[in-house]
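Novice: Take a look at the following structure, please.
Please treat every number below as a calculation from the coordinates, not as lab data. The structure presented is a predicted model; accordingly, all values stated were derived computationally and were not measured. Cβ sites come from the backbone with ideal geometry, for glycine too, and all protein chains shown count toward neighbours.
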Amino acid sequence: MNLVYIHGNHATADSFNFIRSKLSGYNDILLEYDSGHGFYSNHATMLERLAGMRDLFFIAHSLGGIHALHLAAELNDRVLGGVTMSTPYGGSEAAEVVAYLLPFSQVLQDIRPRSAPILDGKRIALNVPWTNLVSTAGASPFMLAANDGVVTQDSMRHRDDIQLVDIACNHFDIVLSQEALAVIRSEITEVKKGRAMQVRRDRPTFSPERLHG
């Protein structure tokens, strides 16, 4: 199984060092990107990195989860599932406001609720096991709705076709959470069980008659 890690905005793959240190026996693929290059430009680069690869399981944080969603839609049956953390599937209302003050910020344009990446993501129908870990601590007083210090819980809960698990961490500490790690391990285990069952179903049924022509 290939574990594909996608970090959040202004972070690096190092943010997954704790999680990676606890998950062994897998092939790790670390997708780095610069939000300033634009969502779809980064998306195309990520697709190139994953060309020809199968058995992909995404582990992503924040904006990285939006990338994972779009990649899963394009890679289709090459994807086994994914766990995202603190991902604002409904976009960021705060970005909608701040974008007027910083109109040249590409990432603010990309994560607004009415941006193309967010609207296109809402039209994606997932057909693999998918979980978003909702970070419920670290609220910022500058945001009226319940939030983790960066994005609202409503945005993290936006999709109704995925599993949602509350984790009592702020937006950044969730990648260091033992509880988050436990969920990731559990989801990987379930996916592996599903693959094993599929292999058994696809295996030809033994028939004694075949031995005699």
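Novice: Looking at (1) 1.02; (2) 1.05; (3) 1.29, which value of Rg/Rh (Cα atoms, Kirkwood Rh) comes from a calculation on the structure shown?
Specialist: It is the one labelled (2).
Novice: To the nearest 10 degrees, how steeply does helix 63-75 sit against the main Cα axis of the chain, on a 0 to 90 scale?
Specialist: Taking the Cα atoms of the chain, the angle to 63-75 is about 40 degrees.
Novice: OK, next. Give the Kirkwood hydrodynamic radius (Å, one decimal) of the range 111-172, defined as one over the mean of 1/r across all pairs of different Cα atoms.
Specialist: Value: 12.6 Å, from the Cα pair sum.
Novice: Of the candidates ILE184, ILE29, ILE124, which one comes out as most mobile in a Gaussian network treatment of the chain with C-alpha springs shorter than 10 Å?
Specialist: Ranking ILE184, ILE29, ILE124 by mean-square fluctuation puts ILE124 first.
Novice: Between MET1 and GLN178, what is 0.36 nm times their sequence separation minus the Cα-Cα distance? Round to one decimal in nm.
Specialist: Once the chain is fully extended between MET1 and GLN178, it gains 61.5 nm.
Novice: Any aspartates and glutamates with Cα under 18 Å of the LYS122 Cα? List them, leaving off those in the same chain fewer than 8 positions away.
Specialist: Once the sequence-local aspartates and glutamates are set aside, what remains near LYS122 is GLU74, GLU93, GLU96, ASP110, ASP154, ASP160, ASP161.
Novice: Let me ask something else. With springs only between Cα atoms under 10 Å, which of SER135, SER35, SER62 fluctuates most in a Gaussian network model of the chain?
Specialist: SER35
Novice: Could you check the simple spin-label distance between THR12 and MET53, using points 7 Å along Cα→Cβ, in nm with one decimal?
Specialist: About 1.9 nm separates the two model spin labels.
Novice: Say each of LEU126 and ASP166 gets a label point 7 Å from the Cα, pointing the same way as Cα to Cβ; how far apart are those two points in nm?
Specialist: 2.0 nm
Novice: Oh, and also: For the range 1-105, state which trypsin sites (Lys or Arg not before Pro) are in a DSSP loop and have at most 12 other beta carbons lying within 10 Å of their beta carbon.
Specialist: Here the sparse-neighbourhood loop sites are ARG54.
Novice: Once label points are set 7 Å from the Cα along Cα→Cβ at both LEU102 and PHE142, what is their separation, rounded to one decimal in nm?
Specialist: Label at LEU102, label at PHE142, 1.0 nm between them.
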